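Since the structure comes first, as structure tokens, the remarks are kept for the end.
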Amino acid sequence: MSAPYAAPDDFRTAVLDAGLLVASAVDGVYQLSGEFEDVLQGLQRHLGSQRVDHDAPRRWFPPVLPRAEFLRTDYVASFPDLVGSVDVFRGSDAEHKALLGDLEQGCDWTQHLEPAEIVLSSAGCHSLYATLPAQIPDEASRAEICGFVFRHESGPDPTRLQSFRMYEFVLVGTPEQALGHRDSWMPRALAVLEGLGLRPRVEVAHDPFFGRAGRMLVAGQVEAALKYEFVVDITDATGTAIASANYQQDHFGRTFSLTTGDGQPAHGACMAFGLERTTLALYAAHGLDLAAWPADVRAALGC
Amino acid sequence: MSTETTTTQARIRDVLRLHAHLTKDVDALDSSDDLYAAGMTSHASVTVMLACEDEWDVEFPQRMLTRTTFSSVDAIAAALAELGATS
């Protein structure tokens, strides 16, 4: 069965013509229409309604996180090409004058800036770890989180956004608790996406680790089947991952000094949904006219 | 075990001591012991790989950039031998 659109550019043209997205001067950066945001908010509420850990704290994160916490994630080692570092001006009046001079002459005015104490958020769960208790309780730490994420990547595919929101169900605890969390969420996530009329394939996947060093990380991640992606066909060109189920082993437990009752580094897992991508997948699957979507899907999303 | 092999293994252990972040003393490990089981993370194994390249002035080809290549002192020694790197 062929995908709704032949190429990413066809889908891009369609959603722009329908006014669902408004293009900016930069690929991967779009404004969203009110209707698109309504569907996305409905999706967010619907995903939240699938929670099984009703006592887990729910947190909405800002689009930035402290630089020191970011560095503890090892993101720079793994994905230097995706990083969004924030620069700020801390100079004097004289330095401001020099900055404006460079700006006026078309020179590099950013040389007058310096790195801030924050970076753009690299992943939803990265904001969480530093706020967890160093000693993870025996029943594990759980959280339901949402936040903007930045990835410096772009192209004509409207599903490849530089700034987007993730909705995640996270657990930090023992290896058994973490794997159990991920593996119990996978069929639940598949069911909720299928209930919205999507037909995702669940595939072993890997993160886009950078360079030669990244090849080793990819090999390890695939070999251990740490990551599964939920992939839909929006275009014939390539599948689009709209959600992922991840087991991070003890990576964040080690880097954030989180331990379980036995004194070992805590293990982590999350079920993550891409809100903009899933919303785009819904428009691709059901058509660009929201009024014509199946009644049960509209009812589930409350729109 | 030849002197050359002994030297290579000693240098590998030096690299591991600096970069593998093992939870056990590297000298207490047998050369066939699993380094990942001894606490080496995936990220640490990447650092070990890069440090070996610097130490022996070699470049591991893509087919050798796997978890298995860096799984033990013996495995690393075998990989280096395959690349013609000696003591």
Would you mind stating whether residue A:74 is within 14 Å of chain B (Cβ to nearest Cβ), under 19 Å from the mean Cα position of the chain (by Cα) and surrounded by 14 or more Cβ atoms within 10 Å (Cβ to Cβ)? yes
Taking the range B:64-87 and keeping only residues that are within 13 Å of residue A:219 (Cα to Cα) and in contact (Cβ under 8 Å) with a residue 60 or more places away in the chain, one is left with none
The condition of being farther than 22 Å from residue A:76 by Cα and under 16 Å from the mean Cα position of the chain (by Cα) holds, among A:144, A:176, A:153, only for A:144
Check your understanding: In this structure, does residue A:186 turn out to be in the same structural domain as residue A:261 (by TED's automatic domain parsing), of a type outside the set (Ser, Thr, Tyr) and surrounded by fewer than 20 Cβ atoms within 10 Å (Cβ to Cβ)?
Key -> yes
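Give the residue, chosen from A:199, A:160, that is surrounded by fewer than 21 Cβ atoms within 10 Å (Cβ to Cβ) and touching a Ser or Thr at 6+ places or on another chain (Cβ under 9 Å).
A:160
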Counting only residues in the range A:77-113 that are within 30 Å of residue A:255 (Cβ to Cβ) and of a type in the set (Asp, Glu), the one farthest from the chain's Cα centre (by Cα) is identified as A:87
Only one of (1) assigned to a helix (DSSP H, G or I); (2) within 14 Å of chain B (Cβ to nearest Cβ) does not apply to residue A:191, and that is (2)
Heads up, the helices (runs of 4 or more DSSP H) in the range A:196-303 (entirely inside) with at least 3 residues that are of a type in the set (A, V, I, L, M) are A:211-223, A:275-286, A:295-301
A careful count of residues in the range A:211-220 that are buried (at least 17 other Cβ atoms within 10 Å of the Cβ) and either of a type outside the set (A, V, I, L, M) or not assigned by TED's automatic domain parsing to the domain that holds residue A:51 (or both) gives 3
Taking first residues from the range A:230-246 that are more than 17 Å from residue A:9 (Cα to Cα) and second residues anywhere that are part of a strand (DSSP E or B) and small (Gly, Ala, Ser), the pairs with Cβ under 6 Å that are 6 or more apart or on different chains are A:230/A:243; A:231/A:241; A:242/A:274; A:244/A:272
Given the conditions (1) in contact with a Lys or Arg (Cβ under 9 Å, 6 or more places away or on another chain); (2) farther than 21 Å from residue A:150 by Cα, every one holds for residue A:9 apart from (1)
Scanning the range A:9-40 residue by residue, the ones that are in contact (Cβ under 8 Å) with a residue 60 or more places away in the chain, within 20 Å of the chain's Cα centre (by Cα) and within 17 Å of residue A:281 (Cα to Cα) total 8
For the range A:252-276, pairs from a residue that is within 12 Å of another protein chain (Cβ to nearest Cβ) to a residue that is basic (Lys, Arg) and assigned to a helix (DSSP H, G or I), with Cβ under 6 Å and 6 or more apart or across chains, are A:255/A:72; A:265/A:254
Take the conditions more than 13 Å from chain B (Cβ to nearest Cβ) and surrounded by fewer than 16 Cβ atoms within 10 Å (Cβ to Cβ) and apply them to residue A:287. Does it pass? yes
Counting only helices (runs of 4 or more DSSP H) entirely within chain B, those with at least 3 residues that are more than 10 Å from every other protein chain (Cβ to nearest Cβ) and among the small types (Gly, Ala, Ser) are B:73-82
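Hey, could you check the range A:10-25 for residues that are outside any strand (DSSP E or B) and either modelled with pLDDT under 95 or of a type in the set (Gly, Ala, Ser) (or both) and say which is surrounded by the fewest Cβ atoms within 10 Å (Cβ to Cβ)?
A:25
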With the first residue restricted to the range A:211-223 and required to be at the interface with another protein chain (Cβ under 7 Å from one of its Cβ atoms), and the second required to be not in a helix (DSSP H, G or I), Cβ contacts under 6 Å at 6 or more apart or on different chains are A:215/B:65; A:216/B:65; A:217/A:209; A:219/B:66; A:219/B:67; A:220/B:67; A:223/B:67
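The values are calculated or read from the model by the stated rules, or taken from the named source; none is laboratory data. Predicted model only: the values in this text are computed from it and were never measured. Heads up, the Cβs are rebuilt from the backbone with ideal geometry, glycines too, and the neighbour counts pull from every protein chain shown.
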